[in-house]
Amino acid sequence: MEQRVNIEKSFPEAFKALYSLSLVVVNKTKLTAIQKELIKVRTSQINACAFCLNMHTTDALKHGETTQRLFLLNAWRETDLFTAEEKALLALTEEVTLISQHGVSEGTYAEVAKYFDEETIAQAIMAIVVINAWNRVAVTTKLPVV
């Protein structure tokens, strides 16, 4: 698969802005490293982004995530390997990623609000938005998995 346009070179200001936003999400949130990686991996699964899946499953393992949980992440509702807090975050991740289907339901938002304060919910939403943006860049430009 041949890579298409290189956005970092062709539109560096936008690339740098997205990268800067990513750094805020990575460095300035109350979410744990595992929570952030679950968001990134689950979003990348939904968006079929091989580049991001490769990167973030590797990162998740470095942060202590287990292979079993990563293998079962796309079926998280069917297992007790994820906490109720993680399941609420994963439901939010899916609904934001698939926003055009049904929006974010009241039930999902209420469940997330049981575990996270407004600041952390805002941070989670931004984390989901940022990985969706990266997925769209990588898939559209056919960013190669290395």
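No value in this document is a laboratory result; all are computed from the given coordinates. Values in this document were obtained by computation on a predicted structure and should not be read as measured data. As a convention, Cβ positions derive from the backbone with ideal geometry for all residues, glycine included, and neighbour counts pool all protein chains shown.
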Using +1 on the beta carbon of Lys and Arg, -1 on that of Asp and Glu, and nothing else charged, what's the dipole of the chain about the Cα centre, debye to 20?
520 debye
With springs only between Cα atoms under 10 Å apart, run a GNM on the chain and tell me which of S100, S22, S44 wobbles the most.
S100
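Arranged by the count of other C-beta atoms within 10 angstrom, fewest first, what order do E119, E95 take?
Ranked by crowding around the Cβ, least crowded first: E119, E95.
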Rounded to whole Å, sorted largest first: equivalent-ellipsoid semi-axes of the chain, Cα gyration tensor
25, 17, 15
What does the net charge come to around K87 if you take all other residues with beta carbon closer than 13 Å to its beta carbon, with K and R at +1 and D and E at -1?
-3
Going by a ≥ b ≥ c, the root eigenvalues of the Cα gyration tensor, does the range 67-146 fall in the rounded group (a/c under 1.5), the prolate group (a/b larger than b/c) or the oblate group?
oblate
Can you check what the net charge comes to around E119, using other residues whose Cβ is under 11 Å from the Cβ of E119 (Lys, Arg +1; Asp, Glu -1)?
0
Too-long pairs where the Cα-Cα distance tops 30 Å, listed order kept, from K16/K40; K16/K142; K30/K142; K40/K142
K30/K142
The chain: calculated mean residue ellipticity at 222 nm from DSSP helix runs of at least 4, using -39500 (n - 2.57)
-22000 deg cm²/dmol
In degrees rounded to 10, the 0-90 angle between helix 33-46 Cα long axis and the longest Cα principal axis of the chain is 70 degrees
Taking the alpha-carbon centroid of each part, what is the distance from the range 1-54 to the range 75-90 in angstrom?
22 Å
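For a footprinting-style exposure proxy, rank H63, H102, H56 by other Cβ within 10 Å, fewest first.
Going from sparsest to densest Cβ surroundings: H102, H63, H56.
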Using only Cα atoms, find the angle between the long axis of helix 118-141 and the longest principal axis of the chain, and express it within 0 to 90 degrees, rounded to the nearest 10.
40 degrees
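Can you tell me, using C-alpha contacts under 8 Å and at least 6 residues apart, the relative contact order of the chain as a whole percent?
With pairs under 8 Å counted, the relative contact order is 40 percent.
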